[in-house]
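The block underneath contains the structure these notes are about, expressed in structure tokens.
The values are calculated or read from the model by the stated rules, or taken from the named source; none is laboratory data. Treat the numbers as computed from the prediction; the structure is a model and nothing was measured. Neighbour counts run over all protein chains shown; Cβ positions are idealised from the backbone, glycine included. The accessibility values were calculated without ligands, DNA or RNA, using every heavy atom of the protein model including side chains. Shrake-Rupley method; radii C 1.70, N 1.55, O 1.52, S 1.80 Å.
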Amino acid sequence: MATPKKKSASKSAKSIDFAAAPINQQLSKEEKIDLYRTIIGIRRFEERSLRAYNQGKIGGFLHLYIGQEAVATGIVSLMEKDDHIITAYRDHGHALAVGMSMNECMAEMYGKYTGCSKGKGGSMHFFAPDKNYWGGHGIVAGQTPLGAGLAFALKYKGLKGCALAFLGDGAVNQGSFMETLNLASLWNIPVIFVIENNGYSMGTSLKRSSAEENLAHRADGFDMEWEVCNGHDVYEVREVANRAMKRAREESKPFLLEIRTYRYRGHSVADANHEKYRTKEEIEEYKRTKDPVNVIRQKLIDEGVMTEAEAKKIDQEKKDEAEASAKFAEESPYAPRSEIQTDVYSEVDNDTEGKLKGTYFFND
Amino acid sequence: MALITYREAIKQALDEEIQRDENVCIMGEEVAQYNGAYKVTEGLWAKHGDKRVIDTPISEAAFSGLAIGASALGVRPVIEMMFMSFSYVAIDQLFNNASFCRYMSGGLMNIPIVVRGPANGGTNVGATHSHTPENMVANHPGLKVVCPSNAYDAKGLMKAAIRDDDPVFVMENTLLYGEKWEVPEEEYIVELGVANVLKEGEDMTIVSHGRCAMLSLQAAKTLEEKHGISVEVVDLRSIRPLDEETILNSVKKTGRVLLVEENKPYCGVDAQISHIIQLKAFDYLDGPIHRVSSIDAPQIYAKPLEDWQIPNEERIIEGALKTMA
């Protein structure tokens, strides 16, 4: 049984050199640069998507991950063959981190046929089962029992892996999440719930939405282990998440990991009030001291892993890749109208011999 | 042929499918150690153990969502709703995730789950435990729904549902659990999307599903004996997919139609059936299409009133006579 750990996340960050942790020590130079490449890639991709959104090229909502990039990057970098991942609607970072291409992601946001879901899902619904990535889900906390289900399947099939179910701090107050915590602990399912606590559930601060602001403490109510860490330093994320993931794989136990992070933009781009429910100074302070892109870049330069020039070159490559993805999306076609009624039923899509009986679709 | 109950038929289907495919498991409230709230799963836990027959806490949203996630990786869970009414607390899981994940992933994700449990009124338990949500399920492309009216169909449809690669709801009926029908000893499947003509007739067609199909069959016999009206009874069995052809062939033969279901009338299944008939067999109709549905109010508790609220033989006969007028 976990004992509540009251030490603040920031204090622990100062006292521990996470770069020295074995899980980070074992990284090759190229692997370290890859972490930076992924983080800066997410940043540049989303900046480009924001431009597209403001130009009216992207419809619906656009929930930007900017400021939180080190969380998905760090955790995904630890994934093994039988580890699976699922998240909510702020899903671009996780998608790119698992290796989805900027082209398929940007095209999906444009609603194009070349998108990862053929333009049927949009920004909130990216999927790549071939990369163990199960979305991209639009309803707050709705993905959390699915994450437990992925872990249940691993256990059922006797596979040594874990499932990573990401959620935001707003999702912790949904009933489905609390039900799922109980089920996961009761059944010893190897799932890690990762609360990306950016401090705001849309425009409502943590203080105004959660009676117990230490969200990880909720695990105690379900006899589940938990830990809190910072999300701006990819080394710290890796060190803490690695322990949870190892334990899940080896002991088939769930874990609640609360990662303190920050989003620079509004809840979605449509959230015009985001500088009213928090101060500009608060945002600037985080950017100045904890920006995940700057933090990893500086660390790698200080470590002598890469030079300033190399960092700039990678940055430029990612800018170019993002720009190219927008061009790709722009030039891609929409799906033909006949695609509206495909991918609804697996049995219909795969009924190559026309054996199915009855009517499946009811248009006149 | 063995004479077995509807309950036993479902149990046999579950038992056989659990044995056939190691990925099939059943989970729900009281399904294992308690042997099922309605004893549908009686003996399965003792026979197949903890891995395959799983008791859940009272958390419909969590175990529905868990089943969906597990199915993505190849497990084929059958989840029991003690009452289909309880699926309402899992609506986001069932009506957003189970129904739409395949679509929103551009066909990359499959959800081979079965959601089963009783969906009926007439049991004197009030409005919260008496829902018949087959119309609601059918309104969600991506979901399938069947309503077996007898033991033979219950077993055959359940097996088809479990082997189906899409999410299928199987709407059972507590009032049928103890009723007996003849069921073959050898294995069989009842395909989704195939209606059953329960009785042939010449003067009018009754289209129905679930327990109402059995009531309609009874009423048809009375109509024939007492009123000299020859009634054809079509049991839909499957709501989505729907066997339009069998409905339309019958309507074209008789020219008169009565639709009978336990749903409330507004946007019930029969509203759609009625539309299809007028669109595709308009010229064959000799009069307006009539309906007998549950009386349009929340389910009443008082037994004699509830027995009148849901379709019964008397109301079906009344409806049939109107249809013939």
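Pick from A:207, A:155, A:112: which residue has the top mean-square fluctuation in a GNM of chain A where Cα pairs under 10 Å get a spring?
A:207
Provide the FRET efficiency to the nearest 0.05 for the residue A:16-residue B:187 pair, computing r from the beta carbons and using R0 = 56 Å.
The pair residue A:16/residue B:187 has a calculated efficiency of 0.35.
Starting from the Cα of residue A:327, draw a straight line to each of the lysines and keep only those under 19 Å, dropping any in the same chain fewer than 8 residues away.
Counting by Cα, and skipping residues close in sequence, residue A:327 has these lysines nearby: A:57, A:112, A:118, A:318, A:319.
Considering only C-alpha atoms, what is the centroid distance from the stretch A:260-281 to the stretch B:274-289, in Å?
57
Take chain A, mark every one of the GluC sites (Glu not before Pro) that falls in a DSSP loop and has at most 13 other Cβ within 10 Å, then report the longest stretch left between them, sites excluded. All intermediate terms of the calculation are to be shown ahead of the outcome.
Details: sites that count: A:80, A:212, A:213, A:275, A:353.
The answer is A:81-211.
Just the projected area, averaged over all directions, of the convex hull on the alpha carbon atoms of chain B: how many nm²?
16.1
Classify the stretch B:1-142 as rounded, prolate or oblate from the Cα gyration tensor: take a ≥ b ≥ c as the square roots of its eigenvalues, call it rounded if a/c is under 1.5, otherwise prolate when a/b beats b/c and oblate if not.
Here the stretch B:1-142 falls in the oblate category.
Report, by chain and number, residues whose modeled amide H sits under 5 Å from the one on residue A:226, excluding near sequence neighbours (fewer than 5 apart, same chain).
HN-HN under 5 Å from residue A:226: A:256.
Compute the semi-axes of the equivalent ellipsoid of the protein assembly as shown, taking the square root of 5 times each eigenvalue of the Cα gyration tensor, and list them largest first in whole Å.
Working through the eigenvalues yields semi-axes of 53, 27, 21 Å.
Using protein chains only and a probe of 1.4 angstrom, how many square angstrom of residue A:167 are accessible, to the nearest 10?
Approximately 10 Å² for this residue.
Within the stretch A:220-242, list the residues whose amide N lies under 18 Å from a label point set 7 Å along Cα→Cβ of residue A:25.
Residues passing the 18 Å test: A:235-242.
Just check the stretch A:134-214 against the gyration tensor rule for me: Cα atoms, a ≥ b ≥ c as the square roots of the eigenvalues, rounded for a/c under 1.5, and otherwise prolate or oblate depending on whether a/b exceeds b/c.
Verdict is prolate for the stretch A:134-214.
Hull surface divided by four, with the convex hull built on the Cα atoms of the stretch B:196-324: how many nm²?
Taking the Cα atoms of the stretch B:196-324, their convex hull projects to 7.3 nm² on average.
List the relative contact order of the stretch A:9-349 as a percent without decimals, with contacts defined as Cα pairs under 8 Å and 6+ residues apart.
Once normalised by length, the contact order is 24 percent.
Put +1 on the Cβ of every Lys and Arg and -1 on every Asp and Glu Cβ in the stretch A:9-349; which of A:94, A:18, A:40 then has its Cα farthest towards the positive end of the dipole?
Final value for the positive-end residue is A:40.
Over all residues in A:117-128, what is the mean tally of Cβ atoms on other chains that come within 10 Å of each residue's Cβ?
Per-residue shielding by partner chains comes out at 4.
Specify the residue with the greatest mean-square fluctuation among B:225, B:60, B:16, computed from a Gaussian network of chain B linking alpha-carbon atoms under 10 Å apart.
Fluctuation is largest for B:225.
Summarise the partner chain shielding of B:109-122 as one whole number: the mean count of Cβ atoms from other chains within 10 Å of each residue's Cβ.
Whole-number average of other-chain Cβ neighbours for B:109-122 is 1.
How many nm is it between the label spots at residue B:218 and residue B:88, if each spot is 7 Å from the Cα in line with the beta carbon?
My value for the distance between the label points is 2.7 nm.
What length, rounded to one decimal in nm, is gained on full extension from residue B:322 through to residue B:127, with 0.36 nm per residue of separation minus their alpha-carbon distance?
67.3 nm
Which of A:114, A:176, A:144 sits farthest toward the positive end of the charge dipole of the stretch A:112-178, with +1 on the Cβ of Lys and Arg and -1 on the Cβ of Asp and Glu?
Positive-end residue among those listed: A:114.
Given Cβ point charges of +1 (Lys, Arg) and -1 (Asp, Glu) and nothing else, what value in debye, to the nearest 20, does the dipole of the stretch B:60-165 about its Cα centre take?
260
Using a Förster radius of 25 Å, what is the FRET efficiency between residue B:50 and residue A:80 based on their Cβ-Cβ separation? Nearest 0.05, please.
The value I calculate is 0.35.
Quick check: the distance between the Cα centres of the stretch B:299-323 and the stretch A:123-141, to the nearest angstrom?
Cα centroid of the stretch B:299-323 versus Cα centroid of the stretch A:123-141: 47 Å apart.
With charges only on Cβ, +1 for K and R and -1 for D and E, what is the dipole size of the stretch A:9-349 about its Cα centre, in debye, rounded to 20?
320
When a/c reaches 1.5 or more, the comparison of a/b and b/c decides; with that in mind, is the stretch B:224-271 rounded, prolate or oblate per its Cα gyration tensor?
oblate
About its Cα centre, how strong a charge dipole does the protein assembly as shown have in debye, to the nearest 20, once Lys and Arg get +1 and Asp and Glu get -1 at the Cβ?
2000
As a test of the formula, what do you get for chain A when each DSSP H run with n ≥ 4 contributes -39,500 (n - 2.57) and the sum is divided by the residue count, at 222 nm and rounded to the nearest 500 deg cm²/dmol?
After summing the helix terms and dividing by residue count, I get -13000 deg cm²/dmol.
Please list the non-local residues whose amide H lies under 5 Å from the amide H of residue B:240, H modeled 1.01 Å from N, same-chain partners needing a gap of 5 or more.
B:145
Relative contact order, percent, of the stretch B:2-183 when contacts are C-alpha pairs under 8 Å separated by at least 6 residues?
Relative contact order of the stretch B:2-183: 28 percent.
Determine how large the accessible area of residue A:61 is when every protein chain is in place; take a 1.4 Å probe and give Å² rounded to the nearest 10.
The accessible area of residue A:61 comes to roughly 110 Å².
Treating chain A as a set of equal point scatterers at the Cα positions, no solvent, please give the Debye-formula log₁₀ I(q)/I(0) at q = 0.11, 0.12 Å⁻¹.
-0.76, -0.90
Can you give the relative contact order of the stretch B:196-324 as a percent, counting alpha carbon pairs under 8 Å and 6+ residues apart?
On the way: 234 pairs, mean separation 35.7, N = 129.
Value for the stretch B:196-324: 28 percent.
Under a straight-distance cross-link criterion of Cα-Cα below 26 Å, which lysines are reachable from residue A:276, leaving out those fewer than 8 residues away in the same chain?
Reachable lysines: A:207, A:287, A:290.
Got a sec to turn the phi values of the stretch A:280-289 into Karplus ³J(HN,Hα) couplings, 6.51 cos²θ - 1.76 cosθ + 1.60 with θ = phi - 60°, whole Hz, x for Gly and Pro?
4, 4, 4, 5, 5, 4, 5, 4, 5, 9
Considering only B:105, B:285, B:210, whose Cα is most displaced toward the positive end of the charge dipole of chain B, charges sitting on Cβ of Lys, Arg (+1) and Asp, Glu (-1)?
After comparing all options, I get B:105.
Assuming a strict under-20 Å limit between Cα atoms, what lysine pair count do you get for the stretch B:144-289 once near-sequence pairs (fewer than 8 apart, same chain) are dropped?
14
Provide a whole-number value for the mean count of partner chain Cβ atoms within 10 Å of the Cβ atoms in peptide A:352-362.
Partner-chain Cβ atoms within 10 Å, mean over residues of A:352-362: 6.
Could you calculate the contour length gain from residue B:226 to residue B:253, that is, 0.36 nm times the residue separation minus the distance between their Cα atoms, to one decimal place in nm?
Residue separation times 0.36 nm, minus the Cα-Cα distance, leaves 7.5 nm.
What residue among B:68, B:206, B:289 shows peak mean-square fluctuation when chain B is described by a Gaussian network model with Cα springs under 10 Å?
Among B:68, B:206, B:289, the largest mean-square fluctuation in the Gaussian network model of chain B belongs to B:289.
So if each residue of separation counts as 0.36 nm, and I subtract the Cα-Cα distance between residue A:243 and residue A:213, what length gain in nm does that give? Provide the component values of the computation, followed by the final result.
Numbers: separation 30, 0.36 × 30 = 10.80 nm, distance 2.36 nm.
Between residue A:243 and residue A:213, full extension yields 8.4 nm more.
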